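Asks: This is the structure I have questions about; it appears just below.
The values are calculated or read from the model by the stated rules, or taken from the named source; none is laboratory data. Keep in mind it's a predicted model, so treat the numbers as computed, not measured. Here the Cβ positions follow ideal geometry from the backbone for every residue, glycine too, while neighbour counts run over all protein chains shown.
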Ligand SMILES: *Cc1c(COP(=O)(O)O)cnc(C)c1O
């Protein structure tokens with residue numbers, strides 16, 4: 001099924017103003033955006049229009065009750081200049097899973113994919129081609145009823161916009177275990193990419209920064225022993241020759257990078273486990289000299305190496321970056337798949353504009 005998407009092109013591209021060698025993260029937006037309005041049970045008025053602000057009613061329900069969800073993905077150009085998307089269908093499926101939890105309508109996968117392809121094809125010149133750079137893609141949905149009672153909205157907007165992002169050097173991060181605040185508990189909204197989750201994480205992150213750390217490791221309440229995630233990324237440990245990551249429990253975001261890493265590790269025959277991980281085990285591995293690596297996994301940075309992890313009075317310093325075989329390999333693999341220097345034996349990459357047949 002092909003949807004009718006109305007196109008209004010910008011009369012003045014802002015592309016000439018962009019310095020591809022110096023792109024600030026998340027502040028520069030491409031020329032166009034996709035918008036659809038949900039009313040009377042269907043997505044209507046599908047359109048690609050020049051990027052610009054929305055007018056919003058003061059009683060817009062999202063502003064009051066946070067019925068809003070998002071996705072984050074990247075488009076990149078391979079070395080032949082072909083724009084590629086990585087596993088876009090997984091992002092569509094996760095958006096709909098988030099929608100279920102937040103009492104919002106699905107975006108049909110075929111609509112999500114068609115809108116994504118048409119938008120990125122139109123703005124493909126905004127995809128940076130310098131190694132390590134990409135076009136960050138932000139699909140999201142929010143409630144638009146003008147009403148201050150608490151109930152699911154009956155109308156929504158689904159929007160996709162994109163931002164070119166530069167290659168930024170990720171300094172290894174100093175982490176601390178968070179033993180006061182939680183990101184997620186089973187039964188709450190931690191598995192959804194829902195706006196409110198991030199608002200709730202700001203205070204603990206701010207306090208950690210004031211105490212000299214870059215981010216917190218989230219743990220399960222009320223014991224604060226079982227490890228969940230780091231900041232807004234999934235978490236991996238290398239203990240001896242085994243890679244371990246917390247099992248999906250209902251309180252962990254189902255990261256697509258995490259999923260890719262597990263599939264790459266399986267393909268390469270590297271031992272990897274999804275299971276419960278407790279901080280005591282990490283401390284013990286550190287004391288035994290077996291804690292080789294800790295890294296975060298997410299779309300934006302791919303791999304975020306951990307310099308140190310502090311738990312109570314113990315600061316565990318991780319080995320030098322050059323010795324981080326697993327994290328470095330996974331980053332090289334994903335970057336290589338994106339630029340085409342590593343063959344896509346996984347079948348994850350889709351050329352932008354490819355016939356959409358979901
Ligand atoms: C988005 C996100 C991740 C990573 O997901 P990716 O699909 O790999 O980008 C991990 N944890 C949280 C809390 C997130 O919001």
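Asks: Considering only the stretch 278-313, state which residues are touching a helix residue (DSSP H, G or I) at 6+ places or on another chain (Cβ under 7 Å) and either farther than 30 Å from residue 73 by Cβ or surrounded by fewer than 14 Cβ atoms within 10 Å (Cβ to Cβ) (or both).
Replies: Hits for the stretch 278-313 are 291, 311.
Asks: Condition first: under 23 Å from the mean Cα position of the chain (by Cα), buried (at least 18 other Cβ atoms within 10 Å of the Cβ) and not assigned by TED's automatic domain parsing to the domain that holds residue 76. Can you find one or more residues in the stretch 314-322 that meet it?
Replies: No.
Asks: Residues 292, 225, 259: which one is within 15 Å of the ligand (Cβ to nearest atom) and either more than 30 Å from residue 347 (Cβ to Cβ) or outside the structural domain of residue 72 (by TED's automatic domain parsing) (or both)?
Replies: Exactly one of 292, 225, 259 is within 15 Å of the ligand (Cβ to nearest atom) and either more than 30 Å from residue 347 (Cβ to Cβ) or outside the structural domain of residue 72 (by TED's automatic domain parsing) (or both), namely 259.
Residues are listed down the side, and each one gets a yes or a no for (1) within 16 Å of the ligand (Cβ to nearest atom); (2) at pLDDT below 95:
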residue	(1), (2)
169	no, yes
173	yes, no
176	no, no
188	yes, no
196	yes, no
201	yes, no
204	yes, no
209	no, no
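Asks: Next question. Condition check: within 16 Å of the ligand (Cβ to nearest atom), modelled with pLDDT of 95 or more and either under 18 Å from the mean Cα position of the chain (by Cα) or under 21 Å from residue 323 (Cα atoms) (or both). Does residue 254 satisfy that?
Replies: Taking the combined requirement at face value, the residue satisfies it.
Asks: Still on this structure, I have one more. Take the residues in the stretch 78-107 that are crowded, with 19+ Cβ neighbours inside 10 Å and within 18 Å of residue 346 (Cα to Cα), then tell me which one is nearest to the ligand (Cβ to nearest atom).
Replies: Of everything passing the filter in the stretch 78-107, 91 is nearest to the ligand (Cβ to nearest atom).
Yes/no matrix, rows are residues, columns are (1) modelled with pLDDT under 95; (2) within 22 Å of residue 157 (Cβ to Cβ); (3) within 24 Å of the chain's Cα centre (by Cα):
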site	(1), (2), (3)
3	no, yes, no
8	no, yes, no
20	yes, no, yes
52	no, yes, yes
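Asks: While we're here: Do we have residue 356 as within 30 Å of residue 111 (Cβ to Cβ), crowded, with 21+ Cβ neighbours inside 10 Å and either assigned by TED's automatic domain parsing to the domain that holds residue 217 or modelled with pLDDT under 95 (or both) here?
Replies: Working: within 30 Å of residue 111 (Cβ to Cβ): yes; crowded, with 21+ Cβ neighbours inside 10 Å: no; either assigned by TED's automatic domain parsing to the domain that holds residue 217 or modelled with pLDDT under 95 (or both): yes.
Here the answer is no, as residue 356 does not meet what is asked.
Asks: Evaluate the stretch 118-127: report whether one residue or more is without any contact (Cβ under 8 Å) to a residue 60 or more places away in the chain, more than 15 Å from the chain's Cα centre (by Cα), more than 14 Å from the ligand (Cβ to nearest atom) and in a helix (DSSP H, G or I). Steps first, please.
Replies: Taking the stretch 118-127 and keeping what is without any contact (Cβ under 8 Å) to a residue 60 or more places away in the chain, we get 127.
Imposing the further condition that a residue be more than 15 Å from the chain's Cα centre (by Cα) reduces the set to 127.
Next, from what is left, pick out any that are more than 14 Å from the ligand (Cβ to nearest atom): 127.
Next cut, in a helix (DSSP H, G or I) only: none.
Scanning the stretch 118-127 turns up no residue that is without any contact (Cβ under 8 Å) to a residue 60 or more places away in the chain, more than 15 Å from the chain's Cα centre (by Cα), more than 14 Å from the ligand (Cβ to nearest atom) and in a helix (DSSP H, G or I).
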